[in-house]
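Enquirer: Starting off with a structure, shown below.
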Amino acid sequence: MATPRPAHRVTRTFTHLSRRSTRPAKDDPVTAPTTAERRPKAVSLVSRFLRRHPPVDRPHRAELETLSAKERQELWDAYRQRPFQAITAVITSSAVILGILFTARTLDYTAGTLDYTARALGANQEAQITDRYTKAVEQLASPAVDVRLGAIYALQRLAADSPRDRPTVRNVLAAFVRNHDLCVSEPPPKPCDPEWKETVVVEPIRPPADVLAALTIAPALTTPSPLSATSAGHDRADFSKARFPHADLIDRFLGGSDLSGGNLRGAFLSGANLTGTNLSRAILSGTNLSGTDLRNADLNRTDMFRAILIGTKLNGSSLTNAYLERANLSGADLRGADLRGADLINAELRGANLTGANLRGTELTDANLTGANLMGADLRGAFGRTPAEIRAEALTDARTRFGESS
């Protein structure tokens, strides 16, 4: 059997086992540490930080002598492994820190790449939209109607894909309508002559399909706003001074066109067919609507200042809160029309047929009602003219209601 190593050799190997100096008892001279056995003062901060177990006191010499050779060997092996464990902990921690830094850098690079990709994609989309817009506008100048019609629908799709280009597309389509009205052809139709007097029944003129499409799409690209009826605003389809006399402007699929909010100031629409058309919030000031068919049309909050509606068919139309100051409605057919709250100051209603019309809350100050038919009309709450003045000028009967609106 092998002879065990001398105890003094094992004891010397544990001279610096404990990194904490122990304070021995004063009356124990055996366990009093020597100067070489005391803990060094220069202790590594990294070792102190990475130490996994709390420091223990160095075993006394008497305790070491009681250990067997195997236990002493195990204790020595554990002591030798401590530096490697510290190094391993340092390497592991460094690897974790480097991994975190690398991950952060990777994420930052990825974010930059995504941002660059998004900007590149946005620039590409803008370029595509510009290209689509340019091609569509070029096609609007084509002599072929079907090509122009395709360009108009392409612009409509462009406005749906790019909301910020809606005003531009709306203005282009409105300009197309103004530049392609019925009176630009050579020679222009007879109804385009202001001096022309209708002697025979004229068949309604159907504008080309591309003009009708632009006339319908442009107002649909208008963003509704709380602007009053008398305000021109800036977000309207501008059809001002467009000329469509005796034109059939209704949409066959919808049963009427939607021109709500459109600017038709000074337009020439004499004898046009606008049955069931939505003209709410539209500007019709100075518009020539003589003989126009506006039956069942929606004219709520419409500005019709100085509009000419001589002989216009308005029976069944809704003119609630319409602005009709100084409008010429001589001979207009307003049977059953809803004129609640309408402004009829200085309006010309000579010979107008207002049988059964709703005129509640209407202002009739200085309105000319000579020969107007107000039989069965509801004038409760109307002001500006007294019931006696109205009866003296207009035709009334027992069904005509006056007094305060209930």
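Enquirer: Take the stretch 261-280 and flag every residue that is basic (Lys, Arg) and surrounded by 24 or more Cβ atoms within 10 Å (Cβ to Cβ).
Expert: Hits for the stretch 261-280: nothing passes.
Enquirer: If I filter the stretch 220-248 down to residues being modelled with pLDDT of 90 or more and surrounded by 24 or more Cβ atoms within 10 Å (Cβ to Cβ), which single residue comes out as nearest to Arg281 (Cα to Cα)?
Expert: Ala237
Enquirer: Mind checking which residues of the stretch 273-287 are of a type outside the set (D, E, K, R), in contact with a Gly (Cβ under 9 Å, 6 or more places away or on another chain) and touching a residue at least 40 places away in the same chain (Cβ under 8 Å)?
Expert: Ile283
Enquirer: Still on this model: Would you mind stating whether Thr302 is surrounded by 23 or more Cβ atoms within 10 Å (Cβ to Cβ) and either closer than 15 Å to Leu249 by Cβ or in contact with a Pro (Cβ under 8 Å, 6 or more places away or on another chain) (or both)?
Expert: No; evaluated as a whole, the condition is false for this residue.
Enquirer: If you check Ile91 against the conditions, is it surrounded by 11 or more Cβ atoms within 10 Å (Cβ to Cβ) and of a type in the set (Val, Ile, Thr)?
Expert: Against the criterion (surrounded by 11 or more Cβ atoms within 10 Å (Cβ to Cβ) and of a type in the set (Val, Ile, Thr)), Ile91 does not qualify.
Enquirer: Tell me whether the stretch 108-125 contains one or more residues that are closer than 30 Å to Leu173 by Cα and among the charged types (D, E, K, R).
Expert: No, every residue in the stretch 108-125 fails to be closer than 30 Å to Leu173 by Cα and among the charged types (D, E, K, R).
This table checks each residue for (1) at pLDDT below 95; (2) among the small types (Gly, Ala, Ser); (3) within 20 Å of Ser240 (Cα to Cα).
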| site | (1), (2), (3) |
| --- | --- |
| Thr168 | yes, no, yes |
| Phe176 | no, no, yes |
| His180 | yes, no, yes |
| Asp193 | yes, no, yes |
| Val200 | yes, no, no |
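Enquirer: Does the stretch 179-191 contain any residue that is farther than 23 Å from Thr277 by Cβ, small (Gly, Ala, Ser) and either more than 25 Å from the chain's Cα centre (by Cα) or surrounded by fewer than 20 Cβ atoms within 10 Å (Cβ to Cβ) (or both)?
Expert: Checking the stretch 179-191: at least one residue is farther than 23 Å from Thr277 by Cβ, small (Gly, Ala, Ser) and either more than 25 Å from the chain's Cα centre (by Cα) or surrounded by fewer than 20 Cβ atoms within 10 Å (Cβ to Cβ) (or both).
Enquirer: Check the stretch 153-162 and report whether any residue there is loosely packed, with under 15 Cβ neighbours inside 10 Å and assigned to a loop (DSSP other than H, G, I, E, B).
Expert: no
The values are calculated or read from the model by the stated rules, or taken from the named source; none is laboratory data. Predicted model, so just to flag it, every value in this text is computed and none were measured. Note: ideal-geometry Cβ built from the backbone for every residue, glycine included; neighbour counts use all protein chains shown.
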